[in-house]
Ligand code: DGL
């Protein structure tokens, strides 16, 4: 196999990174992809930084055995905890792309009201996010930790009463001062975008970091001359640490939605 046909590795704590993979498949349709979700150990966002680092390194070792040519850490939490160490360990072998909350486009949209950042407690507590926030200190940014939300999405609950009830409790109290945008700082959350719009019952801008991440991946493939030059559609393989067909089926379902 030519080196440029090796797959691109995607990793997340569970099914969330599928939202980023979905974007990648649209833009880089001739590439092969291999996805690893660590649903068995999800959620990561309430663990310690050391635990998340360890789990992330284990996942990357799994993907390396699949002969990947580039790595996308499609998890905001794992990016916050481990991207610096991952780059130290592996960037001599392949480009490594992480994800962060799409704060910049939210600020640049210049709408009135608060910018709400929904993310896991770890993402919001880590220095990566806090440094990002400092860059936009003139804007009204409200970090909103959403523990418990990843678990619902891992169960395939992206719509319906339970998810709406969760979102109502979190978001309705914030409506009073106006909402400029909602930034989805966790790759699981794009799957509940419809429910967020429904609960807010208004035309709110909802942003996530997947497009920016895929654009960065594309730039890296070009920079290292490792793009696929095939014209046919690439293959996608999905693996999960939870040994169950349910989670694999859910992953493919979310990819197609
Ligand atoms: N998709 C992960 C993220 O972007 C969820 C982390 C978790 O498992 O708590 O942060």
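The values are calculated or read from the model by the stated rules, or taken from the named source; none is laboratory data. The structure displayed is predicted, hence computed values, not measured ones. Glycine gets a Cβ as well: all are built from the backbone with ideal geometry, and neighbour counts include every protein chain shown.
Could you please find all residues in segment 121-159 being without any contact (Cβ under 8 Å) to a residue 12 or more places away in the chain and closer than 28 Å to residue 245 by Cβ?
155, 157
If you go through segment 6-20, how many residues are under 9 Å from the mean Cα position of the chain (by Cα) and farther than 17 Å from residue 58 by Cα?
Qualifying residue count, segment 6-20: 4.
Working only within segment 134-163, note down all residues that are assigned to a helix (DSSP H, G or I) and either within 16 Å of the ligand (Cβ to nearest atom) or buried (at least 17 other Cβ atoms within 10 Å of the Cβ) (or both).
Hits for segment 134-163 are 149, 150, 151, 152, 153, 154, 163.
Taking residue 111 as meeting all but one of (1) at pLDDT 95 or above; (2) more than 14 Å from the chain's Cα centre (by Cα); (3) part of a loop (DSSP other than H, G, I, E, B), write down the number of the exception.
The one condition residue 111 does not meet is (1).
Identify all residues within segment 79-98 that are within 11 Å of the ligand (Cβ to nearest atom) and part of a helix (DSSP H, G or I); write none if there are none.
Correct list: 79, 80, 81.
Within segment 41-51, can one find any residue that is outside any loop (DSSP other than H, G, I, E, B), buried (at least 22 other Cβ atoms within 10 Å of the Cβ) and within 18 Å of the chain's Cα centre (by Cα)?
no
Only one of (1) part of a helix (DSSP H, G or I); (2) more than 10 Å from the ligand (Cβ to nearest atom) is not met by residue 30, so which one is it?
Of everything listed in (1) part of a helix (DSSP H, G or I); (2) more than 10 Å from the ligand (Cβ to nearest atom), residue 30 misses just condition (1).
Just to be sure I understand the filter: pairs with C-beta atoms under 9 Å, separated by 6 or more residues or on different chains, first member in segment 19-30 and more than 17 Å from residue 184 (Cβ to Cβ), second member at pLDDT below 95. Which pairs pass?
Note: pairs meeting the criteria are 30/229; 30/230; 30/231; 30/232.
When you scan segment 35-49, do you find a residue that is within 24 Å of residue 226 (Cβ to Cβ) and without any contact (Cβ under 8 Å) to a residue 40 or more places away in the chain, even just one?
The answer is no, given that none of the residues of segment 35-49 is within 24 Å of residue 226 (Cβ to Cβ) and without any contact (Cβ under 8 Å) to a residue 40 or more places away in the chain.
I'd like the residue in segment 57-78 that is in a helix (DSSP H, G or I) and within 11 Å of the ligand (Cβ to nearest atom) and, out of all such residues, is farthest from residue 226 (Cα to Cα).
This residue is 77.
Out of all the residues in segment 99-106, is one or more in a loop (DSSP other than H, G, I, E, B), within 16 Å of the ligand (Cβ to nearest atom) and farther than 25 Å from residue 254 by Cβ?
No: segment 99-106 contains no residue that is in a loop (DSSP other than H, G, I, E, B), within 16 Å of the ligand (Cβ to nearest atom) and farther than 25 Å from residue 254 by Cβ.
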